[in-house]
Amino acid sequence: MIRAGTAAAEVAQALARAPAFSGVLATAFGLSVARQACLLGMPLLTMHIFDGVIEGNNLDTLTVLALAFFVALVMGGVMRAMRATLMAALAESLARRLTIDALEAAVRSALAGSRRPGLAALQDTSELRRFLGGGTIADLFDMTATPIGLFVLYLLHPVYAVIALSACIAIGALGVVLDRTTRGMMRSASDRQVKTSAELQGRLRQADLLEGLGMLNAVVRRWEPAQAAALAEGDEAQARARAVRGITEYSSYIAQGTIVVAGVILATHHQVSPGSIIAATMLANSATSPIARVVLSWRDWALAALAWRRLQELFTDHAAPEPVPPAAEAHPGLWIRDLSWTPPGATRPVLDGTSVYCPPGSITLVLGPNGTGKSTLLRLALGLAAPDSGTALLEGQDTHRVARDAIGPRIGYLPQDVQLLDGSVLQNIGRFGPEDAEGVVAAARMAGAHDMIGRLPQGYATEAGPTAGLSMGQKRMIGLARALHGAPGLLVLDEPEAGLDQDGRQAVLAAVLAARAAGAACLIVSHDPGLWHGQVDQLLRLGARGAWKTEAPDRPAMRGA
């Protein structure tokens, strides 16, 4: 796990791996220094006006100084606008990169059984985008005014510099105290809110159940105390921040007032000019205000740091496995070899050394009671989870240690819980790839879904997402067509006949037989072996405690053996 105190080092390492980002930040920093140099001229011009123009009554000098004052102000504004544009572009580019990485890691997290939702990862990327595109980083860059201002104050008189430096140290110390006393509280409150929100979202997905059984109020009452505790912890941190905010503002005012008093005393002893008092007050404000703004934007820094750490933890804990090349001597089809897997927290394996070979042009039927690991075997065969030991090889390629966009088109998969994405039926069957109407229709015909799709309100253009109103049988047939699209070499179906009428079940059987005839290796889990009687090439029976055995079905011979 990433420790809280290493955020700055992690950011530095990330920027070192992204030289374009480092270049943008360096440019923004350079603009900040140039802007501060322009703004530095304002107090010096003010001092010359009071000390030179008023005493000498020289209006020509006043005109020149006023023009210089205006030019410096405009240049400072232009540089600030350029810096804001650069930071906005940086935030947009970084957010796009992080969003893609966060979504991929969130999917792998969900596959591993984590309860951390992908929505939380997207919220973290949005928080970082808001942080980088806002003024908080600019406030940090503006702290270049602090050493410049202190140096000029020292040239005016060392007493000015000592007063301003003391104020800077006091404000910085307040910021450190605020961070140390609230860092843990903010992280705990944020983590609690993420957890409680995820739990509530998970429960609200079962809206029909909650409303039908009158459980909604009970669920909300159970969720509310945890949410209230998270909010209370956050409010306590905010209360401390408000106290520090007040002290910080008074520290800046006290410093400026002290400089005025000290300046008057020094002026009466002819050690400084009257104009230097005004200039020193302005310079003290320039030196202390960036530090004060950084301290006062503490919440933005805290939330951004938490978002960054959570994303880094997500990327670290759920990084994509390192791809490996296919085996030199590859077996055609799917070879599941010595697969073992134990659920987290369990003491006994669900699968224990399970092996089966599914050659091209064959159907392997997986049977067994509930809880014997049938669906788990399919997920391991597809590489969706990492086995404790053993491998699943498709044409010699480890299905877990491979880029998913490379192996995905070679696989057809229909899970138990068929999910269709927001988009048309055509897009869902075509896996949201380049438009391939001919291939989509061919897959739908093979799945026996073409006529059913034709009866939909807009045919293949009908929306098919979670809220489209399709029945479970319609979703299953469309999902089967999606699995068959592209003539995959491996077809994996998890209870494909569940919830279908007799015609639908026969259509599933016909689709699998057609896929086998086309040379696909078919791996199927079923609770209805009668549908497949006499049609499969081998049986894999799973039992309790990881027991398993393969056997020939009631057929004259095994195809492809």
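Side notes on the structure shown:
- Where D51 falls short, out of the listed (1) surrounded by 13 or more Cβ atoms within 10 Å (Cβ to Cβ); (2) farther than 22 Å from S273 by Cα; (3) at pLDDT below 70: (2)
- Residue check, R482 within 24 Å of L382 (Cα to Cα), open to solvent by 20 Å² or more (accessible area, probe 1.4 Å) and either among the charged types (D, E, K, R) or in contact with a strand residue (DSSP E or B) (Cβ under 6 Å, 6 or more places away or on another chain) (or both): yes
- Among (1) open to solvent by 60 Å² or more (accessible area, probe 1.4 Å); (2) in contact with a Pro (Cβ under 9 Å, 6 or more places away or on another chain) - the single one P488 does not satisfy: (1)
- Residues (of a type in the set (V, I, T), within 23 Å of A510 (Cα to Cα) and open to solvent by 20 Å² or more (accessible area, probe 1.4 Å)) located in the range 439-470: V441
Each row is one residue, and each column tells you yes or no for (1) touching a Cys at 6+ places or on another chain (Cβ under 9 Å); (2) modelled with pLDDT of 85 or more; (3) open to solvent by 40 Å² or more (accessible area, probe 1.4 Å); (4) basic (K, R).
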residue: A243; (1), (2), (3), (4): no, no, yes, no
residue: G246; (1), (2), (3), (4): no, no, no, no
residue: S289; (1), (2), (3), (4): no, no, no, no
residue: V295; (1), (2), (3), (4): no, no, no, no
residue: A307; (1), (2), (3), (4): no, no, no, no
residue: W335; (1), (2), (3), (4): yes, yes, yes, no
residue: L339; (1), (2), (3), (4): no, yes, no, no
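- In the range 510-519, the residues that are assigned to a helix (DSSP H, G or I) and open to solvent by 20 Å² or more (accessible area, probe 1.4 Å): A510, L513, A514, R516, A517
- Number of residues in the range 405-438 that are surrounded by fewer than 18 Cβ atoms within 10 Å (Cβ to Cβ) and within 24 Å of D503 (Cβ to Cβ) equals 3.
- Counted residues, the range 292-347 - those being part of a helix (DSSP H, G or I), more than 30 Å from I171 (Cβ to Cβ) and of a type in the set (F, W, Y): 1
- S109 vs. criteria modelled with pLDDT under 75, surrounded by fewer than 17 Cβ atoms within 10 Å (Cβ to Cβ), over 19 Å from A305 (Cα atoms) and of a type in the set (S, T, N, Q): no
- Annotation note: Cβ proximity below 9 Å between a residue of the range 330-344 that is closer than 15 Å to R545 by Cα and of a type in the set (S, T, Y) and a residue that is open to solvent by less than 80 Å² (accessible area, probe 1.4 Å) and part of a loop (DSSP other than H, G, I, E, B) (sequence gap 6+ or interchain) occurs for S340/P349; S340/V350; S340/P387; T342/P349; T342/V350.
- In the range 309-333, the residues that are acidic (D, E) and either in contact with a helix residue (DSSP H, G or I) (Cβ under 7 Å, 6 or more places away or on another chain) or open to solvent by less than 50 Å² (accessible area, probe 1.4 Å) (or both): E313
- When L119 is tested against (1) closer than 30 Å to R299 by Cβ; (2) at pLDDT 70 or above; (3) open to solvent by 60 Å² or more (accessible area, probe 1.4 Å); (4) out of contact with any His (no Cβ under 9 Å at 6 or more places or on another chain), only condition (2) is not met.
- Being within 26 Å of the chain's Cα centre (by Cα) and polar (S, T, N, Q) holds for only one residue in T399, T391, T462, and it is T399.
- The residues of the range 121-175 that are among the small types (G, A, S), in a helix (DSSP H, G or I) and within 25 Å of E92 (Cα to Cα), listed by number, are A121, S126, G133, A138.
- Close Cβ contacts (under 7 Å, 6 or more residues apart or on different chains) running from residues in the range 154-180 that are without any contact (Cβ under 8 Å) to a residue 60 or more places away in the chain and among the small types (G, A, S) to residues that are open to solvent by less than 40 Å² (accessible area, probe 1.4 Å) and part of a helix (DSSP H, G or I) comprise A161/L150; A161/L153.
- Neighbours by Cβ (under 8 Å, 6+ apart or cross-chain): first from the range 83-106, open to solvent by less than 10 Å² (accessible area, probe 1.4 Å); second modelled with pLDDT of 75 or more and acidic (D, E): A102/D124
The values are calculated or read from the model by the stated rules, or taken from the named source; none is laboratory data. Since this is a predicted model, take the numbers as computed values, not measurements. Virtual Cβ from ideal backbone geometry, glycine too; neighbours counted across all protein chains shown. Quick note on the areas: whole protein, heavy atoms, side chains included, nothing else; ligands and nucleic acids left out. Shrake-Rupley method; radii C 1.70, N 1.55, O 1.52, S 1.80 Å.
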